[in-house]
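Have a look at the structure below before the remarks.
The values are calculated or read from the model by the stated rules, or taken from the named source; none is laboratory data. Keep in mind the model is a prediction, meaning the values are calculated, not measured. Here the Cβ positions follow ideal geometry from the backbone for every residue, glycine too, while neighbour counts run over all protein chains shown. Remember, those area values only see protein heavy atoms, side chains included, never the ligands or the DNA or RNA. Shrake-Rupley method; radii C 1.70, N 1.55, O 1.52, S 1.80 Å.
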Amino acid sequence: MAPVGGLGGFRLLRARALAAATATVAVSAVVAAVTAPRSTVAVAMGAGPAPFPSRPSVSCVDGPRVRKEVGSLTPAEWATYQRAVTGLHARETSRDRSTLDWFEHFVEIHAAHAAYAHGGAHFLAWHRLFLLAYENALRTVEPSVTIPYWDWSMDAADPAMAPVWVTSQLGKSADGGRIGAGERAAGHNFNELFVDTDGPHYVTRGFDSNHRGSMDADFFADKRTVRALWRDRTMSFADFATTLEYVHGGPHVAVGGFSGGDMIMLNRAAGDVAFWSHHAYIDFICAAAALATVEAAVRPHFASSGPAGAARGPSSGDARAALAVLKKVMAAARAEAAAELAAAEAEAAEVISMADAEIHEVEEEEKAIAKAASEEGAVSRTAGWLAAAVRGASSVGSAGAVGAAAEAAKLAALEETRTEAEASRQAALAELQARKKEVKRYLRVTALAGFAAINGIDAARFTRGEAPLERAEDEAEAEERAIEGTAASTLTARHTLMGA
């Protein structure tokens, strides 16, 4: 089976479909209706301007829904989703288009509550209701549509090559450029997406979907790490929410990029369609962790407008100025990290080279001993026959035993040398991997602390998620080593049986 969309050769459609089949998100119907029924906001396309509701619907009056992972959507389902989004974007609130359209209103809601909706345990619940309100609005255009979630943990090895970055899905990207720049914006795709929030502008991203490695993979948790997080029952809900919010910052930084794409600035982030699929996956992780009932505690906060003037993040100008500083900080951090890794690799290479030389010397000596033993064996047998005839066999046997003991002692010493050299080699490799991990985490903390700072979030509180994330990464790594060890033992046992 060919990879989806010809991209992302490391993952097949079959893997996506299996993941979706075993891990779908059912949006619970337990959220009570807190606003007017959907019929009051349904507007026929082309029927003229429609006022945006003062309190968007956050109810599931039409029953439970299933959100699919992006890779399991059919072309027809993608077309339906694109029609829903572009239809919402086309729904004006004034005849002269002097006010925000419905899609832009949702971008503005996130901007207006950016600081309020982030930096605490309420992060998950607020965004759950925000997603639901947006999805309900989409369903006034396409009644069966749901937000597809992007399981970026399956793309963590090279997220820029994820199959979603094509015109028929979330749109192609170019570093610092518009979505689908230069391609036709006709139809219902997301090419040349333009919004009037935070100053009229084209939505941009900070990576090139045509080039491997153009998005920083260090900002994405892989599947094992994500699973370790949602299995961790030692964390309180507040700690879990803090950790997951910290993890969620990685894709915001990576997709937006330090060139200032919309996703890295919360005042603009919801204008990128990738935002909604990213947050739908965060909501999925929350559901998978069986923490899906907390929305009731914050429903009144979502329904209200929030403290006047206190919830919006920094202005666009302030955010861009801070982003320019962060870009320089990250450049310096990357240079420092590169120097650190170069020194670590040189140090490891020296130790490994010495160990390899010792191992090679041991192997050569072992070969020499084996060859000498073979030659001496032939001579000894001939000499033994003569000696046995003259003096008797006992003296020859005694001499042979002494020689064998000396040979065994020498071989044992060589084996000890080999073991010590191999241990030095493995220790050097382990130290290098540990330093690589430290550098990755240092860059991640620097970037995500900066992300928090430019968006008006308490960076110290935001980065508390680093320690639990590191614990989850270590647990996932240990699990992988255990699986590899079991596989290696099984393979050795099979070879032994086959040899027997």
Seminar exercise, completed: Filter the range 182-214 for residues that are among the charged types (D, E, K, R) and outside any strand (DSSP E or B); the one that is nearest to Ile264 (Cα to Cα) is Asp198
Problem set entry | Arg178, sole failed condition from (1) under 21 Å from the mean Cα position of the chain (by Cα); (2) crowded, with 20+ Cβ neighbours inside 10 Å | (1)
Problem set entry | Extreme residue, modelled with the lowest pLDDT, among residues of the range 188-211 that are of a type in the set (Asp, Glu) and closer than 21 Å to Lys327 by Cβ | Asp198
Exercise. Do we have any residue at all in the range 123-144 that's hydroxyl-bearing (Ser, Thr, Tyr), touching a helix residue (DSSP H, G or I) at 6+ places or on another chain (Cβ under 8 Å) and not in a loop (DSSP other than H, G, I, E, B)?
Worked result: yes
Problem set entry | Residue check, Thr234 without any contact (Cβ under 8 Å) to a residue 24 or more places away in the chain, surrounded by fewer than 24 Cβ atoms within 10 Å (Cβ to Cβ) and either under 21 Å from Ala115 (Cβ atoms) or more than 15 Å from the chain's Cα centre (by Cα) (or both) | yes
For this session: Confirm whether Arg471 is over 30 Å from Ala111 (Cβ atoms), in a helix (DSSP H, G or I), at pLDDT 85 or above and open to solvent by 90 Å² or more (accessible area, probe 1.4 Å).
Result: yes
Problem set entry | Residue in the range 486-498 that is in a helix (DSSP H, G or I), open to solvent by 70 Å² or more (accessible area, probe 1.4 Å) and at pLDDT 85 or above present | no
Problem set entry | Single residue of the range 156-175 satisfying the filter (open to solvent by less than 10 Å² (accessible area, probe 1.4 Å), in a loop (DSSP other than H, G, I, E, B) and not hydrophobic (A, V, I, L, M, F, W, C)) that is farthest from Phe220 (Cα to Cα) | Gly171
Seminar exercise, completed: The residue from Ala372, Ala343, Ala355 that alone is at pLDDT 80 or above, farther than 25 Å from Ile457 by Cβ and either of a type in the set (Phe, Trp, Tyr) or surrounded by fewer than 16 Cβ atoms within 10 Å (Cβ to Cβ) (or both) is Ala343
Problem set entry | Selected residue (criterion: modelled with the highest pLDDT) from residues of the range 243-274 that are open to solvent by less than 10 Å² (accessible area, probe 1.4 Å) and assigned to a loop (DSSP other than H, G, I, E, B) | Asp272
Exercise. Which residues, counting only those in the range 197-218, are over 30 Å from Thr99 (Cβ atoms) and open to solvent by 10 Å² or more (accessible area, probe 1.4 Å)?
Worked result: Asp208, Asn210, His211, Arg212, Gly213, Ser214, Asp216, Ala217, Asp218
Exercise. Which is of a type in the set (Gly, Ala, Ser), open to solvent by less than 60 Å² (accessible area, probe 1.4 Å), modelled with pLDDT under 85 and out of contact with any helix residue (DSSP H, G or I) (no Cβ under 8 Å at 6 or more places or on another chain), of Ala413, Ala421, Ala428, Ala478?
Worked result: Ala413
For this session: Please indicate, with yes or no, whether at least one residue in the range 66-86 is over 22 Å from His188 (Cα atoms), at pLDDT 85 or above and open to solvent by 10 Å² or more (accessible area, probe 1.4 Å).
Result: yes
Problem set entry | Extreme residue, nearest to Val85 (Cα to Cα), among residues of the range 139-155 that are open to solvent by less than 20 Å² (accessible area, probe 1.4 Å) and touching a strand residue (DSSP E or B) at 6+ places or on another chain (Cβ under 9 Å) | Ile147
Exercise. For the range 108-122, which residues satisfy the criterion of being out of contact with any Gly (no Cβ under 7 Å at 6 or more places or on another chain) and part of a loop (DSSP other than H, G, I, E, B)?
Worked result: Ala117, His118, Gly119, Gly120, Ala121
Exercise. Name the pairs whose Cβ atoms lie under 9 Å apart, with the first residue in the range 333-345 and under 9 Å from Leu443 (Cβ atoms), the second hydroxyl-bearing (Ser, Thr, Tyr), and 6 or more positions between them or separate chains?
Worked result: Ala333/Tyr442; Ala333/Thr446; Ala337/Tyr442
